[in-house]
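Coordinate-derived values only; no laboratory data. What you are looking at is a predicted structure, and each value in this text was computed from that prediction instead of being measured. Glycine also receives a Cβ, built like all others from the backbone with ideal geometry; neighbour counts cover every protein chain displayed.
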């Protein structure tokens with residue numbers, strides 16, 4: 001279960017932003033019908049919600065991977081346009097989509113550097129699940145940074161949607177996604 005860090009609460013605009021990001025990832029997961037096909041990759045997303053868009057200390061631009069800000073600049077302006085833009089990005093781009101706490105999306109997608117935290121014996125102190133790939137491990141690590149409020153991922157391998165907060169995560173395998181906004 002995700003346990004919000006009270007020191008971060010002053011930056012959060014609402015649970016609505018997180019819900020919209022999860023809803024979008026779940027929508028794309030449910031729309032895709034070829035999860036069981038061999039050699040077929042599904043949609044893949046990595047949203048990072050940040051308190052401050054000064055990201056230079058822990059991210060690097062990821063080449064030509066861009067969010068189409070001309071179509072969708074603010075998550076909540078038009079949910080349909082946001083989902084449409086996310087669909088295109090999920091199939092054609094790589095990297096983290098940076099979303100400010102107010103819902104404004106940054107154009108440049110990024111690679112998030114590992115925080116490099118290690119224990120006394122030299123290993124990292126993150127507990128990764130066996131199903132986690134690079135994107136999910138990055139999101140888990142990034143969620144421990146003071147500047148990062150939340151992260152959401154959609155796995156291209158199986159449609160799993162995961163929310164990350166303060167080094168913890170809540171994961172929803174595809175057959176369990178939908179939440180309170182989808183009828184059973």
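Brief remarks on what is shown
- Judged by the mean number of other Cβ atoms found within 10 Å, the most tightly packed of the peptides 50-61, 134-145, 81-92 leads the ranking 134-145, 81-92, 50-61.
- Note on residue 114 and residue 80: the model spin-label points, each 7 Å out from Cα along the C-beta direction, lie 4.4 nm apart.
- Scoring 69-80, 102-113 by mean Cβ neighbours within 10 Å over their residues and listing the highest first yields 102-113, 69-80.
- Using just its DSSP H runs of length 4 or more, each adding -39500 (n - 2.57), the chain gives a mean residue ellipticity at 222 nm of -7000 deg cm²/dmol after division by all residues.
- In the chain, the DSSP beta bridges split such that about 85 percent are antiparallel, to the nearest 5.
- Equivalent ellipsoid semi-axes, the range 14-60, via Cα gyration tensor eigenvalues times 5, rooted, Å: 28, 17, 4
- Candidate values (1) 23, 20, 17; (2) 31, 17, 14; (3) 27, 19, 16 were compared with semi-axes √(5λ) of the Cα gyration tensor in Å computed on the shown model; the agreeing label is (1).
- Two-site label geometry, residue 157 and residue 131: point separation in nm, points 7 Å out along Cα→Cβ: 1.0
- Figure legend: label point modelled 7 angstrom from the Cα of residue 102 along Cα→Cβ; residues of the range 13-56 with amide N under 14 Å from it are 13-14, 50-54.
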